[in-house]
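The structure under discussion appears below in the form of structure tokens.
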């Protein structure tokens, strides 16, 4: 679909680019010591995709083992290592950096009209801290593996002999990469906006990244201190968390979840930002309720710090604290609901183009709504007693994490791929992958809801035969889902070697990143771009009706 | 911007030292306090330190923690306000500093709400008393310390032994 | 057009490098004002992160003191109050000299800047020396952290108190060491006459970091050493 | 000794009446309320989900792109936005209340409940009945229709005691007690899972709750407990085995079987030996002497031992006394 890109919409002046793109400088050193946010974004994208492949294969191995009730593929310990490493790699290495570090790094300065992020060297430092931390995680995979679950609950994590220290050191270091990226983005959004880019003209992707960065800066340090105390606990036995030495395991859970619940919002908020962009650009319509969505991102960021106790209703936490946490959990559900309603309302009277990013956005809306609604069961006190730590929880967080963030990440990738690489992917392969991912995902995780409420506990290596059929369907679904994701990856990867050149503005987006050349040259813009209209004032919008509506 | 810089440089000259710049602003608008302000703050901090130590020797009983914390907060606010110039800084920086304190307070308050109210509804779920039930029927508050194996556990532990 | 590459500041979050003209302005900033305010905002965010990082340790203190009130009161008698008070005064003085150094940079007084930086580093080293003596005294009494504790005469769970004591003061000491490193780096750049009224962001940021380290000790000292 | 999967399957098949697609059988008093709350939220979510997806589906169909198509300039609608913020908030408050009111009943065990101590250790559960002085592994036997309060603790890592049929779950912590209560309404066998990850055999840390009618439960207590799911439970056991069990339960504390005297003389080689008594008399040990020293221990005190033995009259059944004597005969 190509809109008339030559009619640069009012308000932007952008001399036609001369000079090459940011990809022109060759040589490994130009990549290792680059200060260019676009290259750093690409390197993050490569690393995140690689770890997504590894953790995804671990997931398929887990599902393959669970096809049969009996423990026939691997023994107990290996299975525990499989699901733990699947969880740890997905959380720390894939889903937290995925959208902010790769898409965010690439698109944020472009959307702001800035030459680069506020602290380019700090950006490079974050990338290297990420690689350094990732090396610890890889070492712990190869060393003795990790079998504590990604949550590292004591006293199991202080008594097991597997590679807990190297994995926690890895997560500790990765935390700093996340903090410094968040810090960088907050300062960039505050200080480096081009003239005319006021707070109300900021694309919603930037509001989402801004809220995510606030959580990253305020929550990740508590994870850092938790892991540091866990390492000291294992080495010196100081007795803060380990009951054998006088500590309290529930105190560890408080420390851990104080970070980890805001962390799930670090994961989903950038996904919201991507969906706000996709839904508006591809239905050629202004977002429905800009202020509501922008402020709900910030509201989620703040309220997310008040609700961590709903992970601990049955873990020995006091009944009063559980009741307070349950009440506040419902407060955080409201802004999320507002967002979903607003996205659906954006489709009203639009002109919807069914290209791959839009397909993924619609898949997101379907899956994330299920994920969000099932969260209510787990936030309610009495039902959570029955459902906690069963496959109902596994299905819930996969619907919001996988169905939410990963689908938004892939959708965002398809959306900005032409701008990033200058190459166009094949629409057919993209849409086929969206369809397969949709079918595979529901087939994998919906049976887990039923199995979970029937009492099937999570992290089980062998299970009672009555859950056999659910597991069978779930495993088949996971293979379909894996196929879909491979096709999506293939479509993007092989487009690099394909001949299809991408136009300057394939989707007709009017936020600033579409104003520069494709792929953008090293310093993004020639001179200082200026903006005098909102990010969603598309040419197709019929302002004549405005009198009628005003 | 640069013109202002040149003017500032000519006016004060490179080896400018003693000039009292109370209330003067540098070209960026950052506040420069006068030298006596620094020494006054330093003096106040020393006095407060001496006060804290003195308070700890005078046995105030339950009041000693709040008083010590109050003095520490006053000292901290002096350092933050004057030495770190937060008093004259942009509002967003002030928001960032106090915002982090607010989230810290959230963490403290919710965890202490949990720790305090653990035994309220069901007595057995008493907070933190070391009960290691080797023999299910009988409970002895064994607590493993490396060397001295006398019974540990907080005040709750002493009062409460097995049924 | 590329900026002369400077070793990124230990925390790398303040402005760096010298752009084309004027020389202290990095290429991606449009005005020196933008560069300085960005650097300061970045530093304050970094301080917010540090506050929450140490907040976790203070949370552990509060929780464990709630679990073991008796032990905490008994065990903290064995800490050397004099050394603690001396360290507090040393850190406050180093905070003063740091603030004076930042002021000297703002007014372009290079001699006073260098003197104050040297004084700050000296006080920081004095702090570490006192800490070394404190720690060695504790090791002799066998008050080691966690399972290595073999002291006598303190009932309850003294190893928890000393585990926490060494964690908190060790973490703080580590931050003092980082501070000394960063101060030395700023001292070197100051001696190369890089700072003046038009460019003093690194000095200011290191000053903010150092005041935070002092701030944490202001709370650590009463909680560990004094509170009855 | 873990319950093997196979025999669990046979017993579990007796699912029972009101098992729905989403929820297992309701076998405790709180189950009905939890299921009501579950289905209340369930239908509310179905309603909203269908509403949103229908709207999305219609918009997707009706507003497909076509060349030159103009789109509406609407940027928001305050009334609608307020509407869809307030309504979900009120509904969510209602849902919170539904969850909260059951939370209290779920958490506060009634006063008169039968206390049972549960101990979780790496990969098996063990139970103790302080009121009856019974202990058992792997199967929790409870009376029907009576409040049962489990006081639980762990010996190593975190575990979690979960009975899906009763809708109850509570983590088990090494340094503290946690309590869980239920009132079983249906008899039969119900599966118990460990739901807090605890290492290698976390998925084998299964156990079962057997609910008996009060009369059956009393019989079970009377003949010394034991694991009803054990294949050889209830069949008449040879006296020697009954005797050995009784020895472990009642005598092991003071009498050894390897010859070393403790509070009381050792049982090794006791039968047929001539025992000398404090008052100088002596008798050859036979069935009557053993029975008498069990029933009235202070009648004849063996020389050099204190009269510290309590009488077991009424505590040990005849089968257990006979078994004990047979068992002592085997100790040469």
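What follows is calculated from the coordinates using simple rules that are stated; it is not laboratory data. Keep in mind that what you see is a predicted model, and the values were worked out from it rather than measured. All Cβ positions, even for glycine, are placed from backbone atoms using ideal geometry, and neighbour counts span all protein chains on display.
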Next item on the list: On a C-alpha basis, how far is the centre of the range D:209-232 from the centre of the range A:510-536 in Å? Whole number, if you could?
Entry: 78 Å
Next item on the list: Treating each Cα of the range A:424-550 as an identical point scatterer and ignoring solvent, apply the Debye formula and state log10 I(q)/I(0) at q = 0.15 Å⁻¹.
Entry: -0.87
Check: If each Cα of chain D is one equal point scatterer, what is log10 of I(q)/I(0) from the Debye formula at q = 0.07, 0.08, 0.09, 0.12 Å⁻¹?
Finding: -0.48, -0.58, -0.68, -0.97
Next item on the list: Counting residues in the range C:41-226 as N, plug N into 2.2 N^0.38 Å and put the Cα Rg over that result.
Entry: 1.15
Check: Between D:201, D:219, D:279, which gets the highest mean-square fluctuation from a Gaussian network model of chain D, Cα cutoff 10 Å?
Finding: D:279
Item checked: Average other protein chain Cβ within 10 Å of Cβ, residues C:32-38 -> 6
Check: How many nm separate the modelled label positions at residue B:39 and residue A:28, each set 7 Å beyond the Cα in the direction of the Cβ?
Finding: 6.0 nm
Margin query: So if each residue of separation counts as 0.36 nm, and I subtract the Cα-Cα distance between residue D:86 and residue D:256, what length gain in nm does that give?
Written below: 53.8 nm
Margin query: Let me see the P(r) profile for the protein assembly as shown: every Cα-Cα distance counted, bins of 20 Å, each bin given as a percent of all pairs.
Written below: 10, 34, 34, 16, 5, 1, 0
Check: Averaged over B:33-42, how many beta carbons belonging to a partner chain fall within 10 Å of each residue's beta carbon?
Finding: 3
Notebook entry, point to check: Expressed as an acute angle from 0 to 90° and rounded to the nearest 10, what is the orientation of the C-alpha long axis of helix C:201-221 relative to the principal long axis of chain C?
Noted result: 10 degrees
Note to self: Residue by residue through B:76-86, how many Cβ atoms from other chains fall within 10 Å of the Cβ on average?
What the structure shows: 6
Check: If you build a Gaussian network model of chain D, linking Cα atoms that sit under 10 Å apart, which residue out of D:191, D:320, D:292 swings the most?
Finding: D:292
Next item on the list: Report the semi-axes of the equivalent ellipsoid for chain A in whole Å, largest first, where each axis is √(5λ) for an eigenvalue λ of the Cα gyration tensor.
Entry: 39, 25, 24
Note to self: To make sure I understand, if each residue's beta carbon is the centre and we count other beta carbons within 10 Å, what order do A:339, D:122 fall in, fewest to most?
What the structure shows: D:122, A:339
Checklist line | Fraction of the pair-distance distribution of the range A:87-174 above 17 Å, Cα-Cα pairs, percent | finding: 54 percent
Next item on the list: Quick one: check the C-alpha center-to-center distance for the range B:39-69 versus the range D:236-259, whole angstrom.
Entry: 69 Å
Note to self: To test your reading of the geometry: what angle, between 0 and 90 degrees and rounded to tens, separates the Cα axis of helix A:164-191 from the longest principal axis of chain A?
What the structure shows: 30 degrees
Next item on the list: Would you look at the GNM of chain D, springs on alpha carbons closer than 10 Å, and say which of D:42, D:162, D:58 moves the most?
Entry: D:58
Notebook entry, point to check: How do D:326, D:111 line up, fewest other C-beta atoms within 10 Å first?
Noted result: D:111, D:326
Check: Hey, fewest Cβ within 10 Å first, where do A:52, A:256 land in order?
Finding: A:52, A:256
Item checked: Rel. contact order, % - alpha carbon contacts under 8 angstrom, at least six apart, chain C -> 26 percent
Notebook entry, point to check: Which percent, nearest 5, of DSSP beta bridges in the protein assembly as shown are antiparallel?
Noted result: 75 percent
Check: In percent, what relative contact order does chain D have, based on Cα pairs under 8 Å that are 6 or more apart in sequence?
Finding: 14 percent
Margin query: On C-alpha positions alone, give me the angle between the axis of helix C:110-141 and the longest principal axis of chain C, in degrees, nearest 10.
Written below: 20 degrees
